[in-house]
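The values are calculated or read from the model by the stated rules, or taken from the named source; none is laboratory data. What you see is a predicted model, and the numbers here were worked out from it, not measured in a lab. Here Cβ is always computed from backbone atoms with ideal geometry, including for glycine, and neighbour counts include all displayed protein chains. When the accessible area is computed, the model is the full protein with side chains, heavy atoms only, and any ligands, DNA or RNA have been set aside. Shrake-Rupley method; radii C 1.70, N 1.55, O 1.52, S 1.80 Å.
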Amino acid sequence: MKFHIQPTIRLPTKTSKSSMMGLRYSLTNINFSHYYCLHERNPKRKKMKEFAICEMDGEGDVAMTPAGLDWKFSQVFGERAAGEEVQEVDVISAIEFDKTGDHLATGDRGGRVVLFERTDQIDHGVLRRVLEGMDCSSSRHPEFRYKTEFQSHEPEFDYLKSLEIEEKVNKIKWCQTANSSLFLLSTNDKTIKFWKVQEKKIKKICNFNIDPSNHLSNGFINSSNVHTSLRLPMVTSHDSSLLARCRRTYAHAHDYHINSISNNSDGETFISADDLRINLWNFEINTQSFNIVDMKPANMDDLTEVITSAEFHPSHCNMLAYSSSKGSIRLLDLRQSALCDNHSKLFEEHEPQGSRSSFTDIISSISDIKFANGGRYILSRDYMTLKLWDINMGRGPVATFQVHEHLRPKLCDLYENDSIFDKFECCLSGDGQRVASGSYSNLFRVFGCSEGSSEATTLEATKNPTRRQIQTPPRFLRPPANYTHAVSSRRGLDNSGLDINGNNSYDFSTKLLHLAWHPNGNLIACAASNSLYMYYA
């Protein structure tokens, strides 16, 4: 397992010699994937040492907990004025960073895709000082600017089924770049499109023998505008513009609404999933796809669950996972069978006896899953909780984070206004040490998932993310190193919807469904209606 360096914690220098030797011995067993800093801070006054270590291999006797992050507002795009009415077509429906973190794409209900590019870059001098262990605290953080936008999908009508297909962009996935061009996939309910975005120079013809602006009104040419010597017209290049072109369209392969697309690590294939089927595509072939999962029963009355999300493993091209409305996650291995009706691993957690209700099946449905960068952990989001799963351990999640437990007494009201069917997305930090997901009132929550972490932050998608004093929900961790058969308690006092006066502060009409974490830094982009907010730490 690889480990990453996170915010530092302080240890007093007045430590016994034996304990320091044990610490030094434990440090030698750590497998670093980035770097660590060991230096003195203000040695003349406090004599404190600062360690930037978050985890270690095996079951070592030293466990240092990373401190919580201080989140700050970075940028906002499309901020609406007070009292401004938001058009339905402008509401953001998808957010995705590319693997480098230099580009960000958003899709909206109007079928548009908007691209942003990073404007700041960390120079090699800063990186070198960090690697040398110097105290080089910098206030620089990723900043983005508008790049271009294009119309990805248009509203359609299926005359055979008398079905209207809306233009809303459900998912966006970045593909491998080539020759400074950007490639990405976008999909609505039925059709997937492969887009190429590249810079194209604007060419203009000049050096004419006749000035076109001085023609006579009757169409004849004034002899005074004709040059005495014949000149050869020239083609000159002026400013360049971004051009988006649809390379391929993958259609007519899904009978139900597409809820997921995911690129394979081989760079040649991708999957698309609807409620009952998962199809495997080749980027170069848009006329046919291969069905690898088919959950449709012979009799639709026997249908008990549907597919809610699917994603390829980040590094193993033969592995993928998909979630279902029953709260289970299935791991598939394409090497076992061409048609993956039988899963290789099943991850699920059953409700304790006596705790089931008429809403249990609805709130246990998983709305989104994400692989961690290393591929060992899977993060899932259901209506009530975030859960972190270890693919090497199938007996239950290694950590459960309460998000909406305080809403359990109001499930009947949430069912009446359809809020109980809201699909919240989730995301992980690039180092895998933190997870995040959205909530109501344009709130989103960040949890620390490393062993011993107590980080739980509630932020609001505004220019002042910490303006509302809201109690953060509890989380229950079961560290992988000390995994036991016992099921950790998933319930507790969750007052995350109460302000400091104990009043319910939730607004169910405003919800933060979509968010994404920058792959290389602590930057979160989230969508609040038609506005795109960014926060850094």
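Below, the figures for the structure above:
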item: Within segment 153-173, tally of residues that are under 17 Å from Arg248 (Cβ atoms) and assigned to a strand (DSSP E or B); result: 3
item: Residues being open to solvent by 20 Å² or more (accessible area, probe 1.4 Å), touching a residue at least 40 places away in the same chain (Cβ under 8 Å) and among the aliphatic types (A, V, I, L, M) - total across segment 169-189; result: 0
item: Selected residue (only one of Ala461, Ala436, Ala456 is modelled with pLDDT of 85 or more, in contact with a Lys or Arg (Cβ under 9 Å, 6 or more places away or on another chain) and within 17 Å of Ala527 (Cα to Cα)); result: Ala436
item: Complete set of residues in segment 406-424 that are open to solvent by 20 Å² or more (accessible area, probe 1.4 Å) and in contact (Cβ under 8 Å) with a residue 60 or more places away in the chain; result: His406, Asn417, Asp422, Lys423
item: Matching residues, segment 293-326, being under 24 Å from Met384 (Cβ atoms) and of a type in the set (Ser, Thr, Tyr); result: Thr304, Thr308, Ser309, Tyr322, Ser323, Ser324, Ser325
item: Count of residues meeting criterion [in contact with a strand residue (DSSP E or B) (Cβ under 6 Å, 6 or more places away or on another chain) and open to solvent by less than 80 Å² (accessible area, probe 1.4 Å)] in segment 242-258; result: 9
item: Out of Glu166, Glu156, Glu199, sole residue that is closer than 21 Å to Ala527 by Cβ, at pLDDT 85 or above and surrounded by fewer than 19 Cβ atoms within 10 Å (Cβ to Cβ); result: Glu166
item: Failed item, numbered, when Val130 is tested on (1) open to solvent by less than 90 Å² (accessible area, probe 1.4 Å); (2) at pLDDT 80 or above; result: (2)
item: Scan of segment 375-406 for residues that are in contact with a helix residue (DSSP H, G or I) (Cβ under 6 Å, 6 or more places away or on another chain) and charged (D, E, K, R), ordered by number; result: Asp390
item: Qualifying residue in segment 211-233 (condition: assigned to a strand (DSSP E or B) and modelled with pLDDT of 70 or more); result: no
item: Residue within segment 398-405 that is polar (S, T, N, Q), open to solvent by less than 10 Å² (accessible area, probe 1.4 Å) and assigned to a strand (DSSP E or B) present; result: yes
item: Cβ pairs under 6 Å, 6+ apart, first in segment 87-112 and part of a loop (DSSP other than H, G, I, E, B), second basic (Lys, Arg); result: Val91/Arg109; Asp102/Arg118; Arg109/Lys168
